[in-house]
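For reference, the structure discussed in these notes is given below.
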Amino acid sequence: MPKIVDHEQRRRELAEALWRVIAASGPAAVSIRSVAAEAGWSPGALRHYFQTREELLVFAMNLSEDRATERIRGLSARQPADMPLTDRVAEYAEQLLPLDETRRAEYRAWESARILGEHDKDRAQRWNLQRRLYRQLVASLVGTPVGDPFQPHADPWVEEWAGYLHTQVDGLSLELMVTPGMLDADDARRRLRSFLVRTGEAWRHRADP
């Protein structure tokens with residue numbers, strides 16, 4: 001009787017092996033051979049699922065995006081009803097900061113973008129999804145309608161500050177990964193909240209006659 005192969009389970013095994021390679025050595029260490037060895041497979045067996053290193057790296061980036069999105073979608077159900085607005089918004093933005101082992105591995109997977117070059121067909125889409133989140137967060141923080149989050153906000157001020165928040169999170173992420181001795185998770189959280197407070201102050205100052 002032919003053996004029934006659970007392809008979804010095999011892809012999960014490969015995803016976990018790929019994650020371990022990236023977490024340990026970064027995306028530059030990813031190859032058909034390294035991921036196959038980590039999974040306990042032969043390179044030939046792995047090629048039934050991924051033909052090239054580039055396909056593995058794209059899969060890693062998509063997996064990291066899916067994990068972050070899943071956390072973000074589940075936040076509203078977990079946040080207390082009386083949670084201060086600044087903390088509520090900060091907790092969403094923190095899902096993209098490398099504050100723990102899981103998110104550091106995700107960040108390292110996102111580093112694949114600089115390796116892939118033209119093989120990364122979804123780079124603009126991933127960037128737009130992140131900017132969408134920051135538009136929503138800034139609009140929520142200052143109490144203005146979000147509108148269509150996939151389009152530049154109708155209020156240029158919100159769009160401008162969504163860009164500032166995007167840059168703030170990216171900058172903190174880079175510091176956490178490159179100079180961890182100079183910035184730890186608690187420092188990053190404090191700096192993010194301080195930035196969000198200043199965002200609210202800037203909005204109120206703008207609204208003053």
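The values are calculated or read from the model by the stated rules, or taken from the named source; none is laboratory data. Computed from a prediction, not measured in an experiment: that's the story for all the values here. Counting neighbours? That spans all protein chains shown, and the Cβs are built from the backbone with ideal geometry, glycine included.
Take Val178 and tell me if it is loosely packed, with under 15 Cβ neighbours inside 10 Å, at pLDDT below 95 and either in the same structural domain as Leu99 (by TED's automatic domain parsing) or more than 27 Å from Arg103 (Cα to Cα) (or both). When the stated conditions are applied, Val178 passes them. Filter the range 69-90 for residues that are farther than 20 Å from Asn128 by Cα and not small (Gly, Ala, Ser) and give the result. Hits for the range 69-90 are Leu75, Arg78, Gln79, Pro80, Asp82, Met83, Pro84, Leu85, Thr86, Asp87, Arg88.
Taking the conditions (1) surrounded by 11 or more Cβ atoms within 10 Å (Cβ to Cβ); (2) over 17 Å from the mean Cα position of the chain (by Cα); (3) under 26 Å from Leu129 (Cβ atoms); (4) modelled with pLDDT under 90 in turn, Trp19 satisfies each one other than (2). For the range 125-162, taking the residues that are closer than 30 Å to Glu55 by Cβ and of a type in the set (Phe, Trp, Tyr), the one that is farthest from the chain's Cα centre (by Cα) is identified as Phe150.
If you go through the range 71-120 and keep only what is without any contact (Cβ under 8 Å) to a residue 40 or more places away in the chain, of a type outside the set (Asp, Glu) and not in a helix (DSSP H, G or I), you end up with Gln79, Pro80, Ala81, Met83, Pro84, Gln95. Of everything in the range 67-121, what is loosely packed, with under 12 Cβ neighbours inside 10 Å and farther than 26 Å from Leu141 by Cα? Give them in sequence order. Within the range 67-121, Glu101, Arg114, Gly117, Glu118, Lys121 meet the criteria. Does the range 181-193 hold any residues that are closer than 17 Å to Tyr92 by Cβ and surrounded by fewer than 13 Cβ atoms within 10 Å (Cβ to Cβ), and which are they? Result: Arg190, single match. The residue that is nearest to Thr69 (Cα to Cα), among those in the range 80-124 that are of a type in the set (Lys, Arg) and over 13 Å from the mean Cα position of the chain (by Cα), is Arg88. Only residues that are in contact with a Leu (Cβ under 7 Å, 6 or more places away or on another chain) and under 30 Å from Leu116 (Cβ atoms) were counted in the range 73-93, giving 2.
Within the bounds of the range 139-161, is there any residue that is on the phi > 0 side of the Ramachandran plot, modelled with pLDDT under 95 and surrounded by 13 or more Cβ atoms within 10 Å (Cβ to Cβ)? Yes - at least one qualifying residue is present in the range 139-161. Screening Pro27 on (1) in contact (Cβ under 8 Å) with a residue 60 or more places away in the chain; (2) surrounded by fewer than 18 Cβ atoms within 10 Å (Cβ to Cβ); (3) under 19 Å from Thr102 (Cβ atoms) shows it passes everything except condition (2).
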